[in-house]
1. Could you please find all residues in region 208-224 being of a type outside the set (Ser, Thr, Tyr), under 19 Å from the mean Cα position of the chain (by Cα) and either buried (at least 23 other Cβ atoms within 10 Å of the Cβ) or assigned to a loop (DSSP other than H, G, I, E, B) (or both)?
2. Identify, from the list SER69, SER62, the residue that is touching a residue at least 40 places away in the same chain (Cβ under 8 Å), surrounded by 15 or more Cβ atoms within 10 Å (Cβ to Cβ) and of a type in the set (Gly, Ala, Ser).
3. May I ask you to list the residues in region 162-207 that are within 21 Å of LEU317 (Cβ to Cβ), of a type in the set (A, V, I, L, M, F, W, C), out of contact with any helix residue (DSSP H, G or I) (no Cβ under 7 Å at 6 or more places or on another chain) and assigned to a strand (DSSP E or B)?
4. Pick from THR35, THR95, THR111: which is surrounded by fewer than 17 Cβ atoms within 10 Å (Cβ to Cβ) and either in contact (Cβ under 8 Å) with a residue 40 or more places away in the chain or not basic (Lys, Arg) (or both)?
5. Does any residue in region 186-215 that is free of Cβ contacts under 8 Å to residues at least 60 places away in the same chain come within less than 6 Å, Cβ to Cβ, of a residue that is surrounded by fewer than 24 Cβ atoms within 10 Å (Cβ to Cβ) and of a type in the set (D, E, K, R) six or more places away or on a different chain, and which pairs are these?
6. Can you pull out every residue in region 1-32 that is assigned to a helix (DSSP H, G or I) and in contact (Cβ under 8 Å) with a residue 60 or more places away in the chain?
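Read-outs throughout are calculated quantities, based only on the coordinates presented, and are distinct from any laboratory measurement. Just so you know, these numbers come straight off a predicted model, no measurement behind them. When we count neighbours, we look across all protein chains shown, and the Cβ atoms used for this are built from the backbone with ideal geometry, even at glycine.
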Amino acid sequence: MALTTKARLLAFFEANKGVYFSGEELAGRLSVSRTAVWKAVNGLRDEGYQIHGASNRGYCLSADTDILSLQGILKYLEPDCGRLDLEVVPVAESTNFSLRKKAEAGAKEGTVIVAGCQTGGRGRVGRSFFSPEDTGIYMSILLRPPHFLPDQAVKITTMAAVAVCRAIERMAGKEARIKWVNDIFIEERKVCGILTEGSISLEDGFLDYIVLGIGINVYEPKGGFPGELRETAGAVFEAHQDDGKNRLAAEVLKELLSGSQGETAEDWAEQYRERCMVLGREILVLGRGEPARARALDVDDSCRLVVEYEDGGREVLSSGEISVEI
């Protein structure tokens, strides 16, 4: 499908942030009329892009623009990320829900949906996921691993957790830790949640596909997090970063792709273990009637949590939920 003039202009501006180009030069580079350039500029401004215009200088995209866009993410991706089929939208009900519909229709592995806001974001065990406008990254990636059993899906979640930690550390210079099984924390505050969903084939019991959902609090929303999250939620950055959301989204995607290029499952399990913030701590094992007190002992090579209860009994948890005793 041919790109619109607006999309082509945004790609050009993203590659030349802070540089002025005359309307005539832009028209020549895009092989369109100056009127078409003017309409495209106004269209981008309507979408929130800060495009400066000056007599005798032309137009430029402000260097501190920080809006999620396809063009903005693509410029940071490596050439070997070309197998991704990437779609970026301002708002989605739920990127996981949207991608599951695409998966059922036969979408290929590597299909990705990224949104700047979700109106019906979902977390684990049916909870809603706070997804406000302009402050986060909400993305879902479609995977079709061959001969993958449902209980192996935890490996995908843990690999994604490590990938997000590495991307955050490279971008923000902060240590990111993992609360088993799917939450990322910085300094005891949750900055990211991961939700892995799949579809099981009734013929052989293997997974037809996996949708990997990742929601990251890039910035704290204006006015702070709502009451129920105020004491637990945090953000990757304290202050605005030039193109922070596009760069972080690209870093996460690159890290996820590296998981299938050279690093073994054992490598990822070891990194997960090193980053796991619950080991050696008192926890509550939830979701089985009354919460059960236990100590988190280890994460095994299958990324299951080994716990010891107060009565000395041990269990290996492959799924479920825990609460960390502070």
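1. If the condition is that a residue be of a type outside the set (Ser, Thr, Tyr), under 19 Å from the mean Cα position of the chain (by Cα) and either buried (at least 23 other Cβ atoms within 10 Å of the Cβ) or assigned to a loop (DSSP other than H, G, I, E, B) (or both), then VAL211, LEU212, GLY213, ILE214, GLY215, ILE216, ASN217, VAL218, GLU220, PRO221 are the ones that fit.
2. SER69
3. PHE185
4. Of THR35, THR95, THR111, the one residue that is surrounded by fewer than 17 Cβ atoms within 10 Å (Cβ to Cβ) and either in contact (Cβ under 8 Å) with a residue 40 or more places away in the chain or not basic (Lys, Arg) (or both) is THR35.
5. ILE186/LYS174; LYS190/ASP183; SER201/ASP208
6. Scanning region 1-32 gives ALA7, LEU10, ALA11, GLU14, ALA15.
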